[in-house]
Amino acid sequence: MDRLDRVWHTSQLDFDLLLLRAQGGDTQAMAAVIALAGRCGPFWPIRGDRYHARHAVEQAAVGTAERAARETAVELLASYCDVPYPQGELSEGRIPKFSSALRERAEQGDLLARAHHTFEEESEADVLAVLSASHEPWLIERALQAFAEGRGEVARQLDREIFPPELSLQRSEVERIKWMAARWRACELGAACGPNQYHELSQCLYLGNCGLGMDVRTYIQQRELSGWQFELMQKYLAALDARLAEQGIRLGGGR
């Protein structure tokens, strides 16, 4: 696969090539294989029927709209995952090996490996440098997620402006708004955000938060955030653009 944000739509042939690239040390391929294994593991026979994702459908009562939606969600997810991936090879320690390799490469400065780890423990200046140079929606989304953790003065200034103490917001609520903002901006920059993406389908299957057929931004507005939270997200994005502009950064367009 050429782009990590397209890995969810892989086919058997794609996966065979992806695994070969990962075994050959390709950073992006290793990250993509790890992502696919995490998403599809609950559907693979090697895990056993007891742990198959279809059992999440049973959490909703028979005959209800939620039950029908969960059934549709599991069918859509299974259409991507119930194919004969070389699961034996993945179960023989390859995923841990890929993870270790990515950790080492992140420490060595590899951009994709750093993004895979959401720029863990990196400074705000490092994250801003990624935002200033990248045109790739997935990289920008990961960098915005890292920026949202408030590791530097620019992010803390933004938090004081949009999420002041008098709003009495829980930390988890603020984090949710900022993570949704990162997804929203990635969509605006060209990420795969059409209907029935993995996150939205899994939310439906496992949590009953179903908005089948919605594109990502519609789902965020109608299913992820309340009206007030959505308004705060929009204010956050506008203020983010202003603070980044002060640094000479335009998302998706560099400096």
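Only a single item in (1) at pLDDT below 95; (2) part of a helix (DSSP H, G or I); (3) surrounded by fewer than 14 Cβ atoms within 10 Å (Cβ to Cβ) is not met by Trp138, and it is number (3). Only residues that are touching an Asp or Glu at 6+ places or on another chain (Cβ under 9 Å), hydrophobic (A, V, I, L, M, F, W, C) and closer than 20 Å to Ala73 by Cα were counted in the stretch 15-62, giving 5. Name the residue that is modelled with the lowest pLDDT, counting only residues in the stretch 83-97 that are more than 19 Å from the chain's Cα centre (by Cα) and surrounded by 16 or more Cβ atoms within 10 Å (Cβ to Cβ). Per the stated criteria, the residue is Tyr85. Within the stretch 206-240, the set of residues being in contact with a Leu (Cβ under 7 Å, 6 or more places away or on another chain) and either open to solvent by 30 Å² or more (accessible area, probe 1.4 Å) or not assigned by the TED database to the domain that holds Trp184 (or both) is empty. Of the helices (runs of 4 or more DSSP H) lying entirely inside the stretch 146-205, the ones with 2 or more residues being surrounded by fewer than 21 Cβ atoms within 10 Å (Cβ to Cβ) and hydrophobic (A, V, I, L, M, F, W, C) are found at 153-162, 171-188. Within the option set Leu131, Leu158, Leu102, being more than 25 Å from Leu251 (Cα to Cα) and out of contact with any Pro (no Cβ under 6 Å at 6 or more places or on another chain) holds for one residue only, Leu102. Looking across the stretch 23-32, the residues that are open to solvent by less than 10 Å² (accessible area, probe 1.4 Å) and out of contact with any Phe, Trp or Tyr (no Cβ under 6 Å at 6 or more places or on another chain) come down to Ala29, Ala31, Ala32.
The values are calculated or read from the model by the stated rules, or taken from the named source; none is laboratory data. Remember, predicted model here, so these are calculated numbers, not experimental data. For neighbour counting, all protein chains shown are included, and Cβ atoms are generated from backbone atoms with ideal geometry for every residue, glycine included. Keep in mind that these areas ignore ligands, DNA and RNA; they rest on the heavy atoms of the full protein, side chains included. Shrake-Rupley method; radii C 1.70, N 1.55, O 1.52, S 1.80 Å.
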